[in-house]
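What follows is a single structure, written as structure tokens, with notes after it.
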Amino acid sequence: MNFTEEIARRRTFGIISHPDAGKTTLTEKLLLFGGAIQEAGAVKSHKIKKSATSDFMEIEKQRGISVATSVLAFNYQGIKINILDTPGHKDFAEDTFRTLTAVDSVIVVVDVAKGVEEQTEKLVEVCRMREIPIIVFINKLDREGKDGFDLLDELEKKLNFKVCPLSFPIGMGYDFQGVYNLWEQNLMLFEEENKQKIANSVKINKIDDPLVKKLIGENAASKLDEEIEIINEVYPNFSKEDYLKCEQQPVFFGSALNNFGVKELLDCFISIAPSPKNKISSERVIEPGENKFTGFIFKIHANMDPKHRDRLAFIKIVSGKFKRNTAYHHVRSNKKFKFSSPNAFFAEKKEIVNESFPGDIVGVHDSGNFKIGDSFSEGEEIIFKGIPSFSPEHFRYINNLDPMKSKQLAKGIDQLMDEGVAQLFVLEMNGRKIIGTVGALQFEVIQYRLEHEYGAKCSYENLNIFKACWVETDSNKNIEFIEFKKIKNKFLAKDKSGQLVFLADSSFTLEMTKQKYPSLKFHYKSEF
Ligand code: G4P
């Protein structure tokens with residue numbers, strides 16, 4: 001297979017959902033279809049369990065295990081599928097945001113009873129910013145839930161989608177009989193006991209085929225008839241072009257747990273989802289088919305063995321072939337790095353690869369040189385943008401408990417921040433360090449890891465901050481900016497890359513500040 005064909009056969013995507021909608025179950029069923037795992041349960045055991053919310057040791061352990069499941073690659077009908085795992089736990093939402101920089105499309109899983117939930121809205125917002133094509137899978141049809149049309153409405157209203165149903169449910173919960181597949185024009189009948197098998201589909205000519213009545217009964221058939229008529233009238237026909245432009249979102253209905261509707265989703269996915277796309281860099285647009293290798297780090301995973309500080313950095317290949325034992329340019333440090341044992345990931349194992357293609361992810365060993373967002377090339381000074389930091393939700397001062405270990409503490413904090421565990425802000429006024437996180441859980445994780453991996457002890461002090469805002473000014477000589485810096489000095493800090501951040505203690509203060517200094521801009525994220 002030549003280079004262009006290798007690129008064309010790759011689909012790199014993520015599954016996103018509000019926790020509990022069925023992301024893990026769906027991932028697992030996709031792997032079963034791909035023959036990548038032999039039995040259900042393999043992925044599940046790697047998931048960060050809800051019950052572990054206060055047990056950070058357990059979470060760390062599971063994060064360790066999940067290295068293997070960070071990327072789940074398999075081949076299905078000649079297509080190389082790379083599923084990038086996104087943590088469902090909301091305290092790791094930032095991990096998910098970053099992973100979304102490395103996908104070419106996503107599948108959004110929605111619970112039929114709960115509809116569109118908070119986390120889904122946030123994640124879809126990020127997808128929209130990045131123009132990532134989306135397919136929706138409405139899950140748990142075997143349970144009572146919302147009406148199909150109400151759900152489609154909700155997708156349109158809450159997520160601003162232009163939906164195009166490609167299947168529609170027949171009944172629901174106790175009365176669930178199956179789905180009518182508008183994509184393939186067939187009926188799929190639901191048999192609950194067939195959890196591991198692919199559901200039978202029945203080919204019909206048209207929706208008024210007498211077979212429909214025979215199979216699902218007269219009442220259900222006439223209801224379905226009406227519903228399909230409404231769908232044809234109200235919703236647009238499927239357009240692959242619109243889907244790829246993010247102007248249309250195809251919707252499937254099914255039950256991941258019962259293995260129902262999953263194959264249809266996968267078959268449609270491989271035929272419509274995009275292969276690796278162009279990526280904008282600081283210098284120019286990079287095309288996957290270019291000869292020279294470029295890529296960027298979207299995730300860094302700590303080694304679980306405290307004696308070895310080696311970490312695993314995940315590189316998404318944007319263009320060219322990535323080759324083992326070849327020196328590549330690490331743009332930020334202006335140094336060359338050679339990787340002797342790059343890993344590729346498959347569902348249950350990782351293995352050393354000699355070459356990888358655009359769309360693929362390779363894991364390389366890092367002894368503390370890399371950080372999230374770093375770009376690699378064959379010499380060109382390109383930087384891939386799009387991995388911003390978002391304002392954290394929780395803030396605490398971090399104090400050193402052992403003066404003899406201040407170096408270790410500083411190094412530990414530095415490296416954990418490079419991994420993206422949390423964000424560090426250093427107050428302008430007195431140099432005190434503040435840690436900002438998405439969830440409260442990370443504070444425990446940081447404390448534990450600083451002690452066990454770096455031998456440094458720390459304590460926290462509560463701090464009342466509403467939001468961290470990155471400050472933009474047209475010029476450092478702007479009078480308003482100079483005055484703002486003087487008056488708000490107590491609340492100003494630098495982030496890890498030296499950008500100025502305003503730590504507003506309430507939404508009121510923030511509003512007042514915005515009004516007082518109209519020429520300054522306050523952003524909730526570090527890239528603007
Ligand atoms: P997540 O990764 O999005 O957080 O969700 P996950 O797949 O773990 O699914 C959450 C719960 O919903 C699980 O039950 C799972 O078995 C169930 N589930 C997933 N798909 C379906 C479906 O199609 N129908 C029904 N009825 N349930 C579904 P749990 O009790 O929390 O976990 P477990 O004990 O089953 O592992």
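The table for this structure:
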{"item": "Tabulated pairs, segment 206-223, first under 14 Å from GLY178 (Cβ atoms) and assigned to a helix (DSSP H, G or I), second small (Gly, Ala, Ser) and open to solvent by 100 Å² or more (accessible area, probe 1.4 Å), C-beta under 8 angstrom, 6+ apart or interchain", "result": "none"}
{"item": "Filter result for the condition that a residue is modelled with pLDDT under 95, more than 21 Å from SER406 (Cβ to Cβ) and open to solvent by less than 80 Å² (accessible area, probe 1.4 Å), over THR437, THR513", "result": "THR437"}
{"item": "The lone exception for TYR174 - which of (1) modelled with pLDDT of 85 or more; (2) exposed (fewer than 11 other Cβ atoms within 10 Å of the Cβ); (3) part of a helix (DSSP H, G or I) it fails", "result": "(1)"}
{"item": "Count of segment 468-501 residues which are farther than 23 Å from GLY373 by Cα and assigned to a strand (DSSP E or B)", "result": "1"}
{"item": "Residue, surrounded by the most Cβ atoms within 10 Å (Cβ to Cβ), within segment 417-434, restricted to residues that are over 26 Å from the mean Cα position of the chain (by Cα) and without any contact (Cβ under 8 Å) to a residue 40 or more places away in the chain", "result": "LYS433"}
{"item": "Matching strands (runs of 3 or more DSSP E) fully within segment 361-418 where at least 1 residues are of a type in the set (Gly, Ala, Ser)", "result": "361-366, 375-377"}
{"item": "Candidate set: segment 448-474, residues that are among the charged types (D, E, K, R) and open to solvent by 70 Å² or more (accessible area, probe 1.4 Å); chosen: the one farthest from LYS411 (Cα to Cα)", "result": "ASP474"}
{"item": "Members of segment 17-51 found to be at pLDDT 65 or above, more than 8 Å from the ligand (Cβ to nearest atom) and outside any loop (DSSP other than H, G, I, E, B), listed by number", "result": "LYS29, LEU30, LEU31, LEU32, PHE33"}
{"item": "In segment 4-14, residue farthest from the ligand (Cβ to nearest atom) [restricted to those that are in contact with a Gly (Cβ under 9 Å, 6 or more places away or on another chain) and outside any helix (DSSP H, G or I)]", "result": "ARG9"}
{"item": "So GLY439, is it assigned to a helix (DSSP H, G or I) and touching a residue at least 40 places away in the same chain (Cβ under 8 Å)", "result": "no"}
{"item": "Residue satisfying all of: in segment 141-156; modelled with pLDDT of 95 or more and under 30 Å from THR12 (Cβ atoms); nearest to the ligand (Cβ to nearest atom) among these", "result": "LEU151"}
{"item": "Filter pass, PHE137 being aromatic (Phe, Trp, Tyr), assigned to a loop (DSSP other than H, G, I, E, B), surrounded by 17 or more Cβ atoms within 10 Å (Cβ to Cβ) and at pLDDT 95 or above", "result": "no"}
{"item": "Condition met for VAL445 (open to solvent by less than 70 Å² (accessible area, probe 1.4 Å) and assigned to a strand (DSSP E or B))", "result": "no"}
{"item": "Members of segment 118-131 found to be closer than 16 Å to LEU26 by Cβ and open to solvent by 10 Å² or more (accessible area, probe 1.4 Å), listed by number", "result": "GLN119"}
{"item": "In segment 259-279, the residues that are touching a strand residue (DSSP E or B) at 6+ places or on another chain (Cβ under 8 Å) and more than 16 Å from the ligand (Cβ to nearest atom)", "result": "CYS268, PHE269, ILE270, ILE272, ALA273, PRO274, SER275, PRO276, ASN278, LYS279"}
{"item": "Test: residue in segment 319-342 that is closer than 28 Å to LEU26 by Cβ and crowded, with 21+ Cβ neighbours inside 10 Å", "result": "no"}
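The values are calculated or read from the model by the stated rules, or taken from the named source; none is laboratory data. As the structure is a prediction and not an experimental result, all values here were calculated from the model. Every residue, glycine among them, receives a Cβ derived from its backbone with ideal geometry; neighbour counts consider all protein chains shown. Ligands, DNA and RNA are excluded from the accessible area calculation, which covers all protein heavy atoms including side chains. Shrake-Rupley method; radii C 1.70, N 1.55, O 1.52, S 1.80 Å.
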